[in-house]
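Contents: one structure, followed by commentary.
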């Protein structure tokens, strides 16, 4: 038996269509959104996706403090009452896991086996982060701010607490929120209670949960989750590029009713309204969604998002005829980026934005 706590352990090999018991275990702990909830602007809290690397910390919010430490001229700490007393802002944000779509790559990385469901939109409530950074007065020479969570464990044999960082330039450019509320209620333990950050427009790994510390650094942060993973790599020796802004993507609400095991769909012939959601990173608007119907790409109607960083709805009418159909959707954003028809390969399976395909069986009307 290999010892997972020894550094340098390689990931197990994978086989397309077969998942190890460890991958199944990860899937049991980390839930995806229900695609039928894509009909809603805001994902119901209980169906928002979850990706938790280690155990969920059970934090007593009455004693919890957020510490600003390191290369600050005026370091300080705040308790939760003080944080909730700061200027309040609520923002709808679409959050997507960087590993969403991993299981649709070949070969796939041995990790959480996401298909399409690791995405959701919530209204996050908190206070803007930038004024607090300014209040702590970063010293000259600060090049990074590390955000450290209370969750800790091992990955590839390396012990660490989960942490990520943002540069001063990124803090200035991104509308980062220090968050204690979700959809009008306090954060749930699994979503980072009592305190987390939300980095709108970036993949979910940047939005550190169970936040304990913000540390100013005069050298770049070298935490495991910053430099050892969440990088695009084509091969083992590739130093890679960092994963950050979300790639353009869309999903279809599966029509009709499902088969229990395969999740293929069944409906009767006739007019059908298809609908779904599309989004892109850094608040870039969606300008077009096309749907593959009867082997022809047809343009859908877009509905405005509820916020700059929230997904866009789309609908299209389909005259469903008897037979087996493959429906797909692809989005284009204001920068001209369009979803690919084939999955872009990455060693860890990050940022797969290939088009969403759904198999539909249409029966004759009797």
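The values are calculated or read from the model by the stated rules, or taken from the named source; none is laboratory data. Since we're looking at a predicted model, the values are computed, not measured. For neighbour counting, all protein chains shown are included, and Cβ atoms are generated from backbone atoms with ideal geometry for every residue, glycine included.
Just the residues that are part of a strand (DSSP E or B) and within 20 Å of the chain's Cα centre (by Cα), please, taken from region 290-323.
Hits for region 290-323 are 309, 312, 313.
Within region 266-285, is even one residue free of Cβ contacts under 8 Å to residues at least 40 places away in the same chain, touching a strand residue (DSSP E or B) at 6+ places or on another chain (Cβ under 7 Å) and assigned to a strand (DSSP E or B)? Can you show your working first?
If we filter region 266-285 for residues that are free of Cβ contacts under 8 Å to residues at least 40 places away in the same chain, which is where we start, we get none.
No, every residue in region 266-285 fails to be free of Cβ contacts under 8 Å to residues at least 40 places away in the same chain, touching a strand residue (DSSP E or B) at 6+ places or on another chain (Cβ under 7 Å) and assigned to a strand (DSSP E or B).
Out of region 58-85, which residues are touching a helix residue (DSSP H, G or I) at 6+ places or on another chain (Cβ under 8 Å) and closer than 27 Å to residue 308 by Cβ?
66
Residues in region 258-265: is at least one closer than 29 Å to residue 140 by Cα, surrounded by fewer than 16 Cβ atoms within 10 Å (Cβ to Cβ) and at pLDDT 95 or above?
Among the residues of region 258-265, not one is closer than 29 Å to residue 140 by Cα, surrounded by fewer than 16 Cβ atoms within 10 Å (Cβ to Cβ) and at pLDDT 95 or above, which makes the answer no.
So which residues in region 8-30 are within 14 Å of residue 117 (Cβ to Cβ) and buried (at least 17 other Cβ atoms within 10 Å of the Cβ), if there are any at all?
26, 30
Is there any pair with a first residue in region 124-138 that is touching a residue at least 60 places away in the same chain (Cβ under 8 Å) and a second that is crowded, with 17+ Cβ neighbours inside 10 Å and assigned to a loop (DSSP other than H, G, I, E, B) whose Cβ atoms are under 6 Å apart and which are 6 or more apart or on different chains, and what are they?
129/176
Taking into account only those residues within region 215-251 that are touching a helix residue (DSSP H, G or I) at 6+ places or on another chain (Cβ under 9 Å) and assigned to a strand (DSSP E or B), which is nearest to residue 176 (Cα to Cα)?
The residue in question is 245.
Among the numbered conditions (1) crowded, with 23+ Cβ neighbours inside 10 Å; (2) in contact with a helix residue (DSSP H, G or I) (Cβ under 7 Å, 6 or more places away or on another chain), tell me where residue 254 comes up short.
Unmet condition: (1).
Just wondering, is there one or more residues in region 338-351 that are more than 18 Å from the chain's Cα centre (by Cα) and assigned to a strand (DSSP E or B)?
yes
Among the strands (runs of 3 or more DSSP E) contained in region 54-159, which hold 2 or more residues that are surrounded by 18 or more Cβ atoms within 10 Å (Cβ to Cβ)?
Of the strands (runs of 3 or more DSSP E) lying wholly inside region 54-159, those with at least 2 residues that are surrounded by 18 or more Cβ atoms within 10 Å (Cβ to Cβ) span 65-70, 89-96, 119-128, 144-155.
So residue 263 fits all but one of (1) touching a residue at least 12 places away in the same chain (Cβ under 8 Å); (2) part of a loop (DSSP other than H, G, I, E, B); (3) under 13 Å from residue 361 (Cα atoms); what number is the exception?
All conditions pass for residue 263, except number (1).
In the list 313, 336, 323, which residue meets the criterion of being closer than 19 Å to residue 201 by Cα and touching a strand residue (DSSP E or B) at 6+ places or on another chain (Cβ under 8 Å)?
313
Could you grab the pairs with beta carbons closer than 6 Å, sequence gap of 6+ or different chains, first residue in region 334-358 and on the phi > 0 side of the Ramachandran plot, second one outside any loop (DSSP other than H, G, I, E, B) and at pLDDT 95 or above?
349/102
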